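The values are calculated or read from the model by the stated rules, or taken from the named source; none is laboratory data. Here the structure is a predicted model, which means the values were calculated and not measured. Ideal geometry is used to build each Cβ from the backbone, glycine not excepted, and the neighbour counts take in all protein chains shown. Calculation scope for accessible area: heavy atoms of the full protein, side chains included, ligands and nucleic acids excluded. Shrake-Rupley method; radii C 1.70, N 1.55, O 1.52, S 1.80 Å.
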Amino acid sequence: MGYDIKTTIETDKCTGCGKCVAVCPYDALQVIDGKARVTGDKSMHCGQCVAVCPENAVRVTDLVVPTLKGTYPNEAAALFESVMHRRSCRDYRRDELSATEFEDLITFGQWAPSGTNAQKWQFTVIPSRAAMERYAEAISGFFRKLNRQAENPMLRLLSKLFMKDVLGNYYARYYGQVADSLNRWDEKREDLLFHGATGAIVISMKPGAFCAHDDALMAAQNICLGAHSMGIGSCLIGFAVEAMKRDPKIAQTIGIPGDETVFAVIALGRPKFEYPHPSGRFPVSARYFNG
Ligand SMILES: Cc1cc2nc3c(=O)[nH]c(=O)nc-3n(C[C@H](O)[C@H](O)[C@H](O)COP(=O)(O)O)c2cc1C
């Protein structure tokens, strides 16, 4: 999984602080002899290493930093700053969020637009690290079972013949990464699913929403931006959503009734690191239809 690595480090600027190493989701960097070095061969090109480096010593060559070109009211600049500097947080301090902070995050979420103004969202708060660990344990049970199935060549063959090779594709793309994560969880309680987040908000939709998926993701983005503005780190966890879709028992474990569908899981907590720079994005060129 991942793209070829395109990270470079200006060693004369690097102080060897190790922040880039800590934030890299692909473990592609290490500090060797007091300098950060690129030692991995895969990357997500997320630019976390670029964003976190206090010395501005890291580049990911595919990334550019798009900015606004027009002149607008100050609100646009402030909002754009927030949008550009929000990062998916994967390193959290141990202190937990308060009940008020969770309530305020939900208030951000409920201001999202929704198809036909249905507002059928339900927010489930996981307020503590202890509760997060129980939730992670329920999800890890699902991935253990899936990995056992994917290991079995006979089941992979059956999946190829009758299930569009779902299991084979999973085996090729995710099996190794998931196996490694499960081992690290079992042996060292290293949390590669929620990255040690001290809390989460799970967004499910009650029956009756026309555009349930879209509504949930609009609310999720509001929460992530709201969190950033409140100094709180957030990260969408697609792996958790996938597990909950496939195994309804996980939702029951955290009190979500069977008639609701989970569309977003947002890990939350106090970020360990500041990100002084924007990370960057792949270049985009819009297509115009002029009638
Ligand atoms: C739908 C969705 C699912 C995601 N799932 C995960 C996940 O399971 N684990 C994770 O660490 N990051 C996850 N992310 C975060 C992305 O990796 C991240 O948004 C991307 O690398 C860009 O980085 P940025 O959010 O810091 O700009 C997810 C993001 C989205 C939008």
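Figures for the structure shown
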{"quantity": "Charge context of residue 16, other residues only, Cβ under 9 angstrom, K/R +1, D/E -1", "calculated": "0"}
{"quantity": "Per residue, in Å², the accessible surface of region 136-188 once ligands and nucleic acids are set aside, probe 1.4 Å", "calculated": "65 Å²"}
{"quantity": "Accessible surface, per residue, of region 17-110 when the full set of protein chains is kept, probe 1.4 Å, Å²", "calculated": "56 Å²"}
{"quantity": "Sequence-distant lysines (8 or more away, or on other chains) whose Cα lies within less than 30 Å of residue 272", "calculated": "6, 13, 19, 35, 42, 188"}
{"quantity": "Rounded percent of accessible protein surface that carbon and sulfur make up, region 93-192, 1.4 Å probe", "calculated": "54 percent"}
{"quantity": "Derived scalar couplings ³J(HN,Hα) [region 26-36; Karplus, 6.51 cos²θ - 1.76 cosθ + 1.60; whole Hz; x for Gly, Pro]", "calculated": "9, 6, 8, 10, 9, 8, 10, 6, x, 9, 5"}
{"quantity": "Test item: Cα-centred dipole of the chain, Lys/Arg +1 and Asp/Glu -1 on Cβ, debye", "calculated": "600 debye"}
{"quantity": "Amide H within-cut-off set for residue 29, under 5 Å, with H built and near neighbours excluded", "calculated": "39, 40"}
{"quantity": "Proximal charge balance of residue 215 [Cβ under 11 Å; K/R count +1, D/E count -1]", "calculated": "+1"}
{"quantity": "Which of 269, 279, 241, positive extreme of dipole for region 229-291 (C-beta unit charges)", "calculated": "279"}
{"quantity": "Residue 284-residue 61 FRET efficiency (beta carbon distance; Förster radius 22 Å; 0.05 resolution)", "calculated": "0.85"}
{"quantity": "Mean accessible surface per residue for region 191-291, computed with a 1.4 Å probe while every protein chain stays in place, in Å²", "calculated": "50 Å²"}
{"quantity": "Cysteines, the chain, no other Cys beta-carbon under 4.7 Å", "calculated": "14, 17, 24, 46, 53, 89, 211, 224, 235"}
{"quantity": "Sequence-distant residues sharing a close amide H with residue 264 (under 5 Å, placed H)", "calculated": "203"}
{"quantity": "Under Karplus coefficients 6.51, -1.76 and 1.60, residue-wise ³J(HN,Hα) of region 141-157 in Hz, glycine/proline x", "calculated": "x, 4, 5, 4, 5, 4, 5, 4, 5, 5, 5, 7, x, 5, 5, 5, 5"}
{"quantity": "Value at 222 nm in deg cm²/dmol, rounded to 500, when DSSP H runs of n ≥ 4 in the chain each add -39,500 (n - 2.57)", "calculated": "-12000 deg cm²/dmol"}
{"quantity": "Mean-position separation - Cα centroids, region 42-106 and region 199-267, in angstrom", "calculated": "21 Å"}
{"quantity": "At q = 0.09, 0.10, 0.15 Å⁻¹, base-10 log of I(q)/I(0) for the chain (Debye sum, equal scatterers on each alpha carbon)", "calculated": "-0.51, -0.63, -1.34"}
